[in-house]
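The values are calculated or read from the model by the stated rules, or taken from the named source; none is laboratory data. Small disclaimer: the values here were computed from a predicted structure and weren't measured. Please note: Cβ atoms are built from the backbone with ideal geometry, for glycine as well, and neighbour counts cover all protein chains shown.
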Amino acid sequence: MRCLCRSTATLLHLLLIPRAALASRKIDAVLVIHDDSVHTFQDVSSALEAVGFSPPDALLHTQTINDVGFDVIAKGTFSELEKVGERLAQLNVSVIRMSAIDAAVQRAAWQLRNVSRTPLTSDVSSGCALWAVAGACFRQPLFMSMQCTSSCRVLGVRYFLAARTREPPSVKSMAQLLLGGGSLLVGSLLLGAAGVARHRASDREWNEMGMKVATALLMQQQVVDALRALVFHREEGFHIDDADGMVFNLQDDLHSNTTAPPSDASDSPVWAAWVAAGLNLVSTLGHVPTWMGAIFGAVQCAAAVCALRGRCLQLSGAVVLSSALLGAAHVALSAFMMHVTGAGMYISELMAKRIALAGGVALWVSHVLGCAIGKQALLPLIAAHPSMRQMEDMPATSHALLLLAGRLTIAAFVAVVCGSELSRTAFSPLSAPEMVGSWSTDPSGAMVKSEEQFLQSVNFDERVQHEHTEILLRCPQFILALPLAIGLSTERIACALAILTLTEAFAVWQWWLPQTLADPMRLARVVEHFSVNLAIAGSLLLLPLRGCGHFTLDALMVKKHD
């Protein structure tokens, strides 16, 4: 067992080491998307996701397009960007050569110096804004810093957030992907099988330790969520299930009359009132009053601590489940309102994780109810023995249904998220860096990051390695989603998925990195991903420790065999 763990750790180290995948490539043009009165924010976001942007990045780019009137989306060679522009032909896009931008800046500087002697452009003009997003602030620093100061400070960094064209996959990269993904799949299955075998042969103390670890992994997310509600409540950017940004843009589209319902009832006052009420409900769920958010956070934190200590389990379970269901309801209602107003269906990774978290908490609550119904209500959760899964007086059907709901929710999350992310990273023409939040100014209004400092925090080689690691880890997860859903070798599959989920948390969502700690908005998102991954891994560990219920293929095969 020790040798297997050491070999797996060595393999992961070799697979996840940083790789410089992007060499210095020629960049001579930028791809710009312009705002119009025809396309909704959902149209633009969906189009950006189709060419390689993650849903949060697509939303942020779309917000900039709405606010400024345009935004630079990608940079690269003119011919490459023309091909990308063809895939975005339904939008108002243009490919602009950087030489044309620099020539326009130089003409303005010459005219200012030799003709008018007065500023030709102001910070609010489209000229300064377009030049800034195209990178002129760093190629023509003298004129831009004097005449376009505000545009450079606010919009200049958009040039470095623009995506680059993705290199087509080579035979070598595909071979590395197949070898790495296959090795991770086999290694996780072997570790899962070894863990299940150890669990079945272990004594009470070993199983109690497993329950303690699973509960701690699940409850740490509740503590993180509660602390964020207490510390950052009502701070813009810290409602990080992506539903708030989606609804905000939808309300803006409806206000501009650019979004129509899917039927001819668009002019109906009843439909308008119903949509307004639904949007207000969703907005209320995401923006409760400060005092109410503080109370909810304190109660949620207390419930999680009580669950960790094995006290008041039924009450703690009710509070934790209510919190998880409230987050899932916020996401589901937001997506539903998007659909009924004709803006399409939108589910980001964080939104899907919120729904999956409710399934994980349902698995934990099923254990709490099992202890209570089995007249073990005062028994701490961490001391519950797996043999209680065979209690005769437990209502098997209701308990198994709760286990089934939790298992299917997690399996659906794994399939949807891994499938969409694999499709986006493997078949899209652009590779984008992570968006950051606190990049622009200090309180005095001066630019706080030079080009070199910013490029150190937003590194394309790091982003490509991030995507490479995601693909390696999510291919095995996607393959294991179906066996988990149907209940085939459920205990081994659940252990393998838990191992992969934990590996993803520590290999992809590294909140302790300096560039992440320096950006509060990015830190909040990464911590959310990290904590939810740990919670889902803990809920998956409950399946082999507490049993998988009767609604599994394993149980059906055992029944037929008997």
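For the stretch 42-79, the tally of residues that are farther than 26 Å from residue 127 by Cβ and touching a residue at least 24 places away in the same chain (Cβ under 8 Å) stands at 15. The single condition among (1) in a helix (DSSP H, G or I); (2) within 24 Å of residue 528 (Cα to Cα); (3) at pLDDT 85 or above that residue 512 does not satisfy is (1).
State whether one or more residues within the stretch 165-172 are assigned to a helix (DSSP H, G or I), at pLDDT 70 or above and either surrounded by fewer than 19 Cβ atoms within 10 Å (Cβ to Cβ) or out of contact with any Leu (no Cβ under 8 Å at 6 or more places or on another chain) (or both). Within the stretch 165-172, none of the residues are assigned to a helix (DSSP H, G or I), at pLDDT 70 or above and either surrounded by fewer than 19 Cβ atoms within 10 Å (Cβ to Cβ) or out of contact with any Leu (no Cβ under 8 Å at 6 or more places or on another chain) (or both). Of the numbered criteria (1) within 18 Å of residue 217 (Cα to Cα); (2) in contact (Cβ under 8 Å) with a residue 24 or more places away in the chain; (3) under 17 Å from the mean Cα position of the chain (by Cα), the one residue 499 fails is (3). Might you let me know whether the stretch 314-326 holds any residue that is modelled with pLDDT of 80 or more and touching a Cys at 6+ places or on another chain (Cβ under 6 Å)? Yes - at least one qualifying residue is present in the stretch 314-326.
The stretch 392-498 holds helices (runs of 4 or more DSSP H) entirely within its bounds, and those carrying 2 or more residues that are surrounded by 21 or more Cβ atoms within 10 Å (Cβ to Cβ) and at pLDDT below 85 map to 396-427, 460-486.
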